[in-house]
Every structure is written in C-alpha cells, then in structure tokens.
Amino acid sequence: MKKVLSLFLVIVLLSSAVAGAVDTGLISPASNATLDHANVLKDLGLFLGTDKGFELDRAPTRAEAVVLLLRMLGEESAALDSTYENPFTDVPTWAVSYISYAYAKGYTKGTSATTFDAAKTVTPEQFITFMLRALGYKDNVDFVWNKSINKAEEIGLVEKDKYENGSAFLRGDCVDIIYSALTQTKKPQNVTLVKYLIKMKVVDAALAEKYGLYTTPQYETVRLPLTLNAVNKHRFISAQSILDYFRDSGAKYVLLQWTIFEFSDYEDVYGYNLSVTYYDFYNIVTKSANRTPEEQEWLDLLPEYSVYFEEDYFPYDLEGLYFVASVYDENANMIAASIEKVTDVRKNGHVEFAYVSVNGREFVDRKLAEFDDLFGTLTEYPSDAVYLEQVHVNWTLVDLYTDEIVGYMPYTDPNAPCLYRFVINAEKYPELANKTVFIADGELSPGESVHDLLREKCMDTFMWPFFFGQLSFGYRQGDFISIWEPWIVTEDWNQTRYVAFGDEDRFFGYAVITPSQRIVDNGLVIDDILYVY
C-alpha cells in the first residue's frame, strides 16, 4: 500500500510540474533575458512593441521585421517622411513607406521584381540578412543571404547552432539579435552600432552606458589659463601658448575656432577641421615637399592666431557657442583637443584640454572608405534623357525693403526674363524619372570628369561632422531654376553642362547636355514675384 501511495504521489507531482509549465506560462531563463533586452531597447527608443505589448512569442511578418530594423537604426521617421517609389504590389498601405525606404537603402529586397511577401512570416536567415546589411556587410561579398546565419555566428551576432534556415522565428528572436547588434562593429565607420547611433543622436550616451552597452571615454586633462591683454585687459588664448605647452608631446600645429555646433566626441573635431579649415588638412600637413606657397603660408600663420573671450568678439549669443581647439603632430595625428562652451571658459578663466590619440592616416582612410561606400557608382545617361523647359512669367515687381508692389512686367514684355526647369524625358526613361528626387547641374570643361566633379562636391558635404547620410542635393525635380543662377544668360547657353540625378540619399547618374540644344518651350505661363531694389 505504501509503494502504491508513493507511486501515486510521484505521478501527481510530475503531473503538477507539467501542468504548471503549460498553464502558468512560466518564463525560461532565456525568455527572461529576452524580456530584459526588450525593455532596454524600449528605453533606448529602439523598440516599441504593439498595442498588445511586446508580443515576444509571436512570429513577425516580413513587413514587421522591416519596421523593427528601421526602429533599431533610428530611421523610422526618415522612412515615414521619404518619397521612394514602391516597386511591390503586395505591401499593405501602412507598410509602404517603411518597405520602400528599406528597399531603396538596400536593407531588404523583394521575393521577386514585384512582390515582397509582406504578410509572410520572416525566417531567421531573412532577418539576419537585414541586420548584416544594416551593419554594412555586402551581399555576395561578405556573405550570401541563404548562409547569413553562418556569417552571423562567425562575427558573434547570434549564438552558434541557435538558428537554422527556415526554422521557427519569433519577435523575441528579433529583439535578441537587435540587442546583440548594438555591440557589433558597423562598417565602414569601424565603430560599434551603439556608438554610431549615439553620434547620430539616435541613442542617449548616458542611457547606453547605464545598460553597459557603451563606455564614455576617459581622458587625461589639463587646464591652460587665459592670458590677459596688457593694453585692453581682454582675456584670450593663443595658438602659440598651446603649442608651447604641448611641445614635449610632439605638437607642431594648433587650430583654433569657435562654432555653434555641439560635438559628441573629440574625433568629431578632426572631421570638423577637415571640413572647415581646408577639407584636405591632412594632405596639406603630410605633403611637406609638395605644398603650394599658399598652403605653406597658411601653416606658418597658424601659431599667430588667438581667440578672445569678450562678448564684443562674438556675433552670436554666447550661450550657444563652443570653443574648439585641436593640437597635431608633424604627421597630422591629433594629440590633444578641447571642446568647451564659451560661457564656461569665460566663467572659469581657463581652457580644458584632453590628451587624445587620433591617428590621422587611419581616420582619413576610414572616412574615405565610408564615403566611397556611400557614394557608389554613377550611370551616364544619353543627353536626350533631360531637357530644359522654358516658362514665361507674369512678374509682379516688389520693393525688396518695403514689400510694396512697385510695378508689373508681363511675359509679353521683351525684357521680361523667363524661368527654366530641368525635365526628365519620362516617356523614354520612366525609371529615371521615377527614381529622381534631386537634380543638380554645373559647368563641364573639356576633359573634365563628371564623376570626379560630383565626388568632390559630395566629399565636401560628407566631411562635415554633422553629415546625416544624404549625398544628393540641389533642387527637387519639377522645381523652377532661379533667374539669378549666373549661367542663365544668353552667352552661356552653349556651354556644356552636366545634369546629375539623385534620389534621397545619393547621386546615381548624370547626363551631359548643351542647354541651347535642349530648350523646349511648351507655352507655359505662370505668375511670380520679382523683388527689386
């Protein structure tokens, strides 16, 4: 009887254990970790969940996976504001902006030229492919999409043997992979994804540090006192005094400036000096035997610069101003830098410098690799891809200073200027017309390369430390060109020009035209205002 009773109790206990696991929904240790990850991502602003909560145990659709990806990258707002064409016929209305944007960015591809399978559940290899692309890995170069799991295991993005192609995949898995991606290196920037998001002001550095995802760099610092001008009693700091202090550390060059921009770290100062003092600062310093006289003169004058800290020396509100200084050795490596509010310098009477180690060659190489990856390649289109449309204008003349109407100039007046706009031949080149958002143009001399001209213009934009990823600029397709454009005068109409076509992110092509051969007058008449002195 005792044996029977003991066996009965064992069966009851085992049954209770099984029932408890099913009925109470107990969370496994892995699920607890996933829930923690979800809460961290939510706090960082990278994961929101649904109206039903996180729904970590539900399989996400391909459309949902794209939304999760874009939120993780801090690009949801950009996606919703974008105007990319949707090439797919099976995307629900709510997801069109997300998927069109992700497709244009190269994060995702369709299952065919016209289908995305938005409602189908996403597989591990598909979601991991999204993530690898977002981290800068290239299809068929760094990995193959149907072997993306292997690549993810190799770089430590996912645990080994956790996923197989086509296996069950839940929103919780998406959360775990996104969380892991934050500490992965983003190519070609060569920084962790979380640091990249901090630099792009998507993630707060203090929050990231709170969760152990980021460590604020610690620097040895030194304070250099301001000097008092003996004549006017104004306080200043000179490049020469900074150079003298850091001479034993190898200092050779000092750059001083004030700015309205707030930097996130000292490396930004290097990028800032590339863009505002001569974007090729590194090359000027390192090509000692081949400097032009102007470049050498500029370097020789650097020690003579000073920055004064009296209100009369600044044209802006002092509250929004920053003093920026950087110290370099003879090889253009940055060895010290300062980023301080002007008001703090005035109050404290000193400038605080941090000893910083930024290898100039590595920094420039990394920036160039990042630029080349973003700039991509350009397609040359035939000259008949674009033409200039002439628009006649009934001008209302308005006084520039008083805003009063001072006269009219109808388009029938022989002295009335016209407006012009570039129009893409949509009938012959529909894909070009659909893809183009921005149009830019410029003169083209014999033997000049459009690719090189555009690359140089885009490089100036890219080197700016507050560059936000867009390498296309100009006027939007359909906009009229201002009559004040210097080239729109009769004698310049036979000058060869390039017309560049860009989407929201970059230029992708161009055509070479002679304006006088490509003018079309469709008889369009509009009303506009012409401000006069």
*What number comes out for the charge environment of Arg291, summing +1 per Lys or Arg and -1 per Asp or Glu over other residues with Cβ under 15 Å away?*
-4
_Using alpha-carbon coordinates, inclination of helix 171-181 to the longest axis of the chain, degrees_ = 50 degrees
*Can you give me the relative contact order of the chain as a percent, contacts being Cα pairs under 8 Å and 6 or more apart?*
11 percent
*Taking neighbour counts of Cβ atoms within 10 Å as a proxy for exposure, in what order, fewest first, do Leu388, Leu256, Leu400 appear?*
Leu400, Leu256, Leu388
_Expected output is a single nm value to one decimal: the length gained when fully extending between Asn232 and Arg361, i.e. 0.36 nm times separation in residues minus the C-alpha distance. What is it?_
42.2 nm
_Computed label-point distance, nm, for sites Phe473 and Leu243 using a 7 Å Cα→Cβ extension_ = 3.2 nm
_Helix 96-105 against the longest principal axis of the chain: what's the angle in degrees, Cα atoms only, rounded to the nearest 10?_
70 degrees
*By how many degrees, between 0 and 90 and to the nearest 10, does the Cα long axis of helix 62-72 differ from the longest principal axis of the chain?*
60 degrees
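Say R0 is 22 Å: what FRET efficiency, to the nearest 0.05, do Asn425 and Asp521 get from their beta-carbon distance?
My answer for the efficiency is 0.85.
Within the set of other residues whose C-beta is less than 11 Å from the C-beta of Asn165, count the net charge using Lys and Arg as +1 and Asp and Glu as -1. Numbers along the way, then the final one.
Numbers: positive: Lys147; negative: Glu125, Glu164.
It works out to a net charge of -1.
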*asked:* Need one number: nm distance between label points at Thr50 and Ser383, each 7 Å from Cα along Cα→Cβ, rounded to one decimal.
replied: 5.7 nm
*Excluding Phe501 itself, calculate the net charge of residues whose Cβ lies under 13 Å from the Cβ of Phe501, where each Lys or Arg counts +1 and each Asp or Glu counts -1.*
-3
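Would you mind classifying segment 212-371 by shape? Square roots of the alpha carbon gyration tensor eigenvalues, ordered a ≥ b ≥ c; an a/c under 1.5 is rounded, otherwise it is prolate if a/b is larger than b/c and oblate if not.
Here segment 212-371 falls in the oblate category.
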*asked:* What does the C-alpha gyration tensor say about the overall shape of segment 28-210? Classify as rounded when a/c is under 1.5, otherwise prolate if a/b is larger than b/c, or oblate.
replied: rounded
_Residues listed by number, segment 406-450, amide nitrogen under 15 Å from Val512 label point at 7 Å toward C-beta_ = 442-450
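Scanning the chain for GluC sites (Glu not before Pro) in DSSP loops with at most 16 other Cβ atoms within 10 Å, what's the longest stretch left with none?
Formally, the longest exposed-site-free interval is 449-533.
Would you please classify the overall shape of the chain from the alpha carbon gyration tensor, given that a ≥ b ≥ c denote the square roots of the eigenvalues, rounded means a/c under 1.5, and beyond that prolate means a/b larger than b/c while oblate covers the rest?
Oblate, since a/c reaches 1.5 and b/c is not below a/b.
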*Rounded to the nearest 20 Debye, what is the dipole magnitude of segment 28-210 about its Cα centre when Lys and Arg each give +1 and Asp and Glu each give -1 at the C-beta?*
420 debye
*Quick one: if you stick a label point 7 Å off each Cα along the C-beta vector at Glu159 and Ala289, how many nm between them?*
5.9 nm
_Give me the percent relative contact order of segment 28-210, please, defined on Cα pairs under 8 angstrom at least 6 residues apart._
25 percent
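Each reported figure results from applying straightforward, stated rules to the coordinates on display, with no laboratory input. Quantities reported herein were computed from a predicted structural model and do not represent experimental measurements. Cβ coordinates were reconstructed from backbone atoms using ideal geometry, including for glycine residues, and neighbour counts include every protein chain displayed.
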